[in-house]
Each structure stands twice: as C-alpha cells, then as structure tokens.
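Here's the structure, in structure tokens; my notes come after.
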Amino acid sequence: MAETLPETGQAASRVKVSGSIAQVNDHFYQQGWTDGLPIIPPTEDLVLEMMEAGPLSAKGVLGVLPPLNGTVTVEKAAINAVMAGCIPDYFPVVLAAIKAILQPQFNAGSITTTTGGAAPVVIVSGSIATTLGIHGGTAVFGSGHRANATIGRALRLTMRNLGGATSEAMEKSTHAWPGKYTMCFAENAEANPWEPLHVDLGFPENVSTVTVAACRGVHTFVEATQETGQGVLETMVSSMTAGGVSGYVFQATGASPVVVLGPEHAQEIAAAGYSRRDVKEYIYQNVRRPMGEVKDRGHYGSRSWPAEFDGQDDDFMVPLVTDPDRIILVVAGGDGRHSSWFPAWSATQQATEIIG
Amino acid sequence: MPAVTVITSAFTRAAELRAKALGLPEHPVVVINHPIASKTGEQIKGLAQDSIQSIIDGLTSTNGRRNG
C-alpha cells in the first residue's frame with residue numbers, strides 16, 4: 001500500500017570520523033549515540049541501502065518523538081537501524097515499530113522519564129516473521145536471533161537518539177531491564193493453537209503487524225507438574241497476583257500486560273477447551289487481589305482506577321485489568337513447561353501497525 | 001494560560017531539557033524534594049504549602065505568562 005508522509009524532514013548531518021572500527025565506535029559512544037554495545041558505522045551507502053528497503057523517502061517524517069521531540073525522518077530511522085545491525089530487509093518492521101510507539105496513547109515520552117523502568121515489548125505477528133527469520137521459538141527472549149536483536153535495538157536507539165532516552169537526560173528508571181536494549185520476538189505460528197495475535201487484534205489474516213506494549217520486565221513461571229490446561233491457568237494466576245505489581249492501581253489508563261504462553265502450556269489450555277478469548281476472560285476473572293492487600297501499598301496513593309473501586313471492602317477482588325481485551329496473549333517459545341508474562345507499565349496503551 | 005511546572009528533585013535535569021525541547025527554556029519550574037509517592041495526604045499538603053509562593057511567583061513571572 002502506497003503511503004505518503006510529510007516531506008518536511010531535514011537531512012541528517014554528516015560527520016567525518018576517521019580511524020579503526022574501534023575508534024569509530026569510541027567516538028559514537030563518547031557522543032552518547034550508542035547503548036554501549038558496538039555499532040555498525042552508519043555510512044551514507046549503508047543508510048541509503050537501508051532506506052531503499054522501505055517504501056518511504058528519506059525526508060518523510062514519521063513523527064516527533066517525545067520527550068525531547070526529535071523529528072523522526074525515514075533517514076534518521078535508517079541510520080539507527082544500520083547502527084543496530086539490521087539488514088535492510090528488516091527496515092519495514094523497524095518503521096512500523098517506530099510508527100507504533102509514536103501513536104499518542106503509547107505515551108513514549110513518559111515511558112522514558114518514569115522511574116518505573118518501562119520498555120517497549122515488540123511483538124511481530126503474521127507471515128513476515130517467517131520470511132525475515134524473526135524468532136518465536138526456543139529461547140525466544142534470549143540472544144542469538146539477529147532479527148529479534150537488531151529490530152528491537154533499532155527501536156531503542158531511535159528512542160535514545162531522537163527521543164532523549166539516556167540516563168544523562170530523560171531516562172529516569174530506578175532499575176530498568178534488558179528490554180531497554182532490545183525486546184522483539186514473533187508469535188510461534190506453528191505452535192499456536194489459536195488464530196494469530198494480529199487477527200485477535202482485529203487485523204486481516206493476510207497482513208503482518210507489529211504490536212508494542214510498554215512493560216516493566218519479564219516474569220517467567222514454571223508449571224511442570226500439572227498436565228492439564230486448567231492447572232497451568234491456575235499457576236499463571238498465582239504468578240500474576242504477586243505484590244508490587246503496579247497494574248492493580250492503574251486499570252483506568254488501559255495498559256496491557258503481555259502474557260506469553262509456551263507452546264506446551266498453550267496446547268494443553270486449548271485442549272481443555274479454551275479459545276484465545278476464553279483465556280483472556282479467565283485472566284480477567286481470576287487475576288485479582290484482595291483490596292485489603294492492594295490499598296495503602298505500592299502506588300496506591302496515585303491510583304487511577306474505576307471510581308467504584310474506592311470504598312470497597314477489604315475482601316473486594318481488584319482485577320489487574322478491567323477489560324479482557326487489554327491482555328495481549330501470545331504463544332511463543334520452545335519445548336518446556338514454562339510461560340512468561342510482562343507486567344505493564346502504568347500510563348500507556350498498546351499500539352499496533354501493519355508492516356508496509 | 002500562565003503555567004508553572006512542579007517536579008521532584010530527581011527530575012530537575014529532565015524538566016530543563018523538556019522545556020528547552022518545547023522552545024520554552026525559561027519556563028518556570030518549582031522543585032520539591034524527592035520522593036512524594038510515599039507521602040501521606042497531610043504531608044503533600046505541607047509540601048504544597050511550602051511551595052505555594054514559588055508557584056505563584058512562577059505563574060506571575062514574565063516567563064510563566066509567556067507560556068500562554
């Protein structure tokens with residue numbers, strides 16, 4: 001699909017750096033342009049090659065990226081993609097991910113400036129994942145998968161270099177987590193017993209999408225004894241009802257936790273008769289904590305929840321989300337009895353873009 | 001509309017940079033001690049009382065009014 005953007009972007013400035021690859025990397029690091037890992041120097045030919053893999057022209061403006069409001073041109077996105085190690089084929093995915101974080105409800109500025117350690121979890125759904133080798137299998141959040149590593153990193157470098165996401169400037173996380181380097185993966189289409197994520201989100205089957213959700217980390221749980229889907233779901237509930245989860249006081253903002261079922265768990269849950277929608281409904285109904293354990297703890301003082309929750313008794317069960325569709329449910333990973341969930345950051349909503 | 005930003009000390013540098021990015025480098029900022037998330041309602045009222053003159057000064061300053 002042809003897309004037009006405002007052609008008002010200024011060309012990126014050119015810098016001349018001479019020396020060895022290590023010296024060039026030193027220079028980029030000293031300037032604050034990298035995440036601390038080595039980069040591919042974004043020479044003009046490499047940047048041009050990157051842009052040619054996307055459908056948009058160099059001066060096209062994707063948007064303004066808060067908190068420091070750098071103008072994200074296609075050229076500057078390509079520079080960060082080269083630095084991150086992307087091959088040009090990945091560039092349309094990088095562009096879609098950037099467009100997703102620029103959707104206003106994602107709240108990219110506050111994700112950078114919060115102490116809460118929010119980073120985008122980037123989920124690719126659809127056939128492009130197979131085409132590009134975006135990994136959804138064994139060690140799905142781990143290292144060694146080039147597309148995953150570099151697409152997520154390109155997004156983070158863009159947030160650093162155009163949004164000001166550096167700890168010297170706007171990044172204020174108390175801890176943060178490695179998703180601040182990169183966190184990108186695909187749904188495991190072969191192992192998924194249900195319709196794909198992007199269909200669940202309302203997109204046509206024949207497109208591929210990028211979904212972003214701002215999360216505070218990854219929490220893995222094991223269920224290796226129970227062999228029924230019901231048993232897996234019950235263990236998931238106990239994992240998601242720990243203390244200190246900020247979502248229990250921020251339902252009104254509409255943030256999305258990401259639940260990633262390992263294939264074995266997903267297949268057992270499906271075999272127990274649960275549809276994708278049923279799983280989200282189960283989480284909504286059961287992932288709840290008693291008011292007596294929620295109030296006056298965590299971020300209770302700055303709570304943003306439905307007004308009717310105020311004044312409820314201590315035994316009122318507070319849900320993590322107030323709408324099952326706030327839950328992003330994904331099937332990914334390899335063999336084994338493990339699943340994971342990413343607690344949502346508070347003041348954000350998920351965003352999805354079709355990969356063009 | 002006149003405006004002033006109230007932040008805690010952990011965000012001083014971030015507020016300066018954000019004001020600059022918005023083209024308002026002289027935007028008045030009132031800094032209170034970090035943290036506030038753990039304070040009681042009464043303590044917050046106390047902090048507000050302590051800051052109120054600075055906030056009024058910011059709102060009535062040339063730079064505060066210029067924001068509108």
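Any read-out appearing in this document is the output of simple, stated calculations on the displayed coordinates, not a laboratory observation. Given the structure is predicted, the values throughout are model-derived calculations rather than measurements. Heads up, the Cβs are rebuilt from the backbone with ideal geometry, glycines too, and the neighbour counts pull from every protein chain shown.
Could you calculate the FRET efficiency of residue A:285 with residue A:31 from 1/(1 + (r/R0)^6), where r is the beta carbon distance between them and R0 is 45 Å, rounded to 0.05?
Details: r = 51 Å, r/R0 = 1.14.
Approximately 0.30, to the nearest 0.05.
List the relative contact order of chain B as a percent without decimals, with contacts defined as Cα pairs under 8 Å and 6+ residues apart. Each step should come with its number before you reach the end.
On the way: 78 pairs, mean separation 32.8, N = 68.
With pairs under 8 Å counted, the relative contact order is 48 percent.
Could you compute the net charge surrounding residue A:113? Neighbours are other residues with a C-beta less than 9 Å from the C-beta of residue A:113; K and R count +1, D and E count -1.
Working: positive: A:172, B:18; negative: A:171.
Overall, the nearby charge balance is +1.
Among A:112, A:255, A:350, whose Cα lies farthest out toward the positive end of the dipole of the protein assembly as shown, if unit charges sit on the beta carbon of Lys, Arg (+1) and Asp, Glu (-1)?
A:112
Let me have the relative contact order for chain A, percent, based on Cα pairs under 8 Å that are six or more residues apart. Before the final figure, lay out each step's value.
On the way: 763 pairs, mean separation 74.2, N = 356.
In percent, rounded to a whole number, it is 21.
Once all Cα-Cα distances of the protein assembly as shown are split into 10 Å bins that start at 0, what whole-number percent is in each one?
Cα pair-distance distribution for the protein assembly as shown, in percent: 4, 20, 29, 25, 16, 6, 1.
Which residue, A:201, A:17, A:121, has the largest displacement toward the positive end of the dipole of chain A when charges sit on each Cβ (Lys, Arg +1; Asp, Glu -1)?
Farthest towards the positive end: A:17.
How big is region A:89-131 in terms of Cα radius of gyration and Dmax, in angstroms?
12.5, 37
Could you check how many percent of all C-alpha pairs in region A:282-356 are farther apart than 17 Å?
Numbers: 1620 of 2775 pairs.
Result for the distance tail: 58 percent.
If I fit a long axis through the Cα atoms of helix A:74-84 and take the longest principal axis of the Cα atoms of chain A, what angle between them do I get, 0 to 90°, rounded to 10?
So the inclination is approximately 80 degrees.
Counting DSSP beta bridges in chain A, what percent are antiparallel, to the nearest 5? Kindly include the intermediate steps, with their values, before the conclusion.
Details: 26 of 33 bridges.
Counting only bridges with both partners in chain A, antiparallel ones make up about 80 percent.
Compute the acute angle (0 to 90°) between the alpha-carbon long axis of helix B:41-60 and the principal axis of greatest extent of the alpha-carbon atoms of chain B; round to the nearest 10°.
On a 0 to 90 degree scale, this one is about 20.
Quick one: putting +1 on the C-beta of Lys and Arg, -1 on the C-beta of Asp and Glu, what dipole do you get for chain A around its Cα centre, in Debye to the nearest 20? Walk me through the numbers on the way to the answer.
Values: 22 positive and 35 negative charges, 211 e Å.
It works out to roughly 1020 debye.
For residue A:271 and residue A:49 in the same chain, what is the full-extension length gain: residue separation times 0.36 nm, less their Cα-Cα distance, in nm?
Working: separation 222, 0.36 × 222 = 79.92 nm, distance 4.70 nm.
Contour length minus Cα-Cα distance gives 75.2 nm.
How many angstrom lie between the Cα centre of region A:148-164 and the Cα centre of region A:227-305?
Region A:148-164 and region A:227-305 have Cα centres spaced 29 Å from each other.
For B:36, A:283, what's the fewest-to-most ordering of other Cβ within 10 Å of each Cβ?
Working: B:36 16, A:283 24.
By the 10 Å Cβ count, ascending: B:36, A:283.
Shielding of B:16-27 by partners, i.e. mean partner chain Cβ atoms within 10 Å per residue?
Numbers: counts 1, 7, 9, 0, 2, 11, 4, 1, 0, 0, 0, 0.
Taking all residues of B:16-27 together, the mean is 3.
When Lys and Arg each count +1 and Asp and Glu each count -1, what net charge do the other residues less than 10 Å away from residue A:224, Cβ to Cβ, add up to? Intermediate values should be presented prior to the final figure.
Details: positive: A:337; negative: A:223, A:227, A:264.
Here the count lands on -2.
Which value in nm describes the separation of the simple spin-label points at residue B:56 and residue A:190, placed 7 Å from the Cα toward the beta carbon?
Result: 7.2 nm between the two label points.
I'd like to compare A:5-16, B:24-35, A:53-64, A:142-153: which one has the highest average count of other Cβ atoms within 10 Å, and what's the full order after that? Don't jump to the answer; show the numbers that get you there.
Working: A:5-16: 10.9, B:24-35: 15.5, A:53-64: 18.5, A:142-153: 20.1.
Top of the packing list down: A:142-153, A:53-64, B:24-35, A:5-16.
Which order, highest average first, do A:215-226, A:123-134 follow once you tally other Cβ atoms within 10 Å for each residue and take the mean per peptide? Numbers along the way, then the final one.
Values: A:215-226: 16.8, A:123-134: 21.0.
The most tightly packed comes first, giving A:123-134, A:215-226.
For n ≥ 4 DSSP H runs only, could you compute -39500 (n - 2.57) per run for chain B, divide by its residues and tell me the 222 nm figure to the nearest 500? Intermediate values should be presented prior to the final figure.
On the way: 3 runs with 35 residues, N = 68.
Dividing the helical sum by the residues of chain B leaves -16000 deg cm²/dmol.
Using only atoms on other chains, find how many Cβ atoms lie within 10 Å of each Cβ of peptide A:114-122 and report the average.
Numbers: counts 0, 6, 0, 0, 0, 0, 0, 0, 0.
Taking the mean over all residues of the peptide, I get 1.
Once you keep just the Cα pairs under 8 angstrom separated by 6 or more residues, what percentage relative contact order results for region A:48-168? Intermediate values should be presented prior to the final figure.
On the way: 158 pairs, mean separation 40.8, N = 121.
Value for region A:48-168: 34 percent.
In chain B, with Lys and Arg counted as +1 and Asp and Glu as -1 at Cβ, which of these residues, B:14, B:43, B:60, has the Cα nearest the positive end of the dipole, that is, farthest along it?
B:14
Past the 21 Å Cα-Cα mark, which pairs from A:59/A:99; A:99/A:180; B:20/B:45; A:16/A:76; A:295/B:39; A:172/B:45?
Numbers: A:59/A:99 15 Å; A:99/A:180 18 Å; B:20/B:45 30 Å; A:16/A:76 17 Å; A:295/B:39 14 Å; A:172/B:45 25 Å.
Table pairs above 21 Å Cα-Cα are B:20/B:45; A:172/B:45.
In debye, nearest 20, what is the charge dipole magnitude of chain B about its Cα centre with +1 on Lys and Arg Cβ and -1 on Asp and Glu Cβ, if you could check? Before the final figure, lay out each step's value.
Numbers: 7 positive and 5 negative charges, 41 e Å.
Charge dipole, chain B, about its Cα centre: 200 debye, nearest 20.
What does the charge count around residue A:169 come to, taking other residues whose C-beta lies under 10 Å from its C-beta (Lys +1, Arg +1, Asp -1, Glu -1)?
Details: positive: A:160, A:172, B:13, B:18; negative: A:168, A:171, B:16.
In short, +1.
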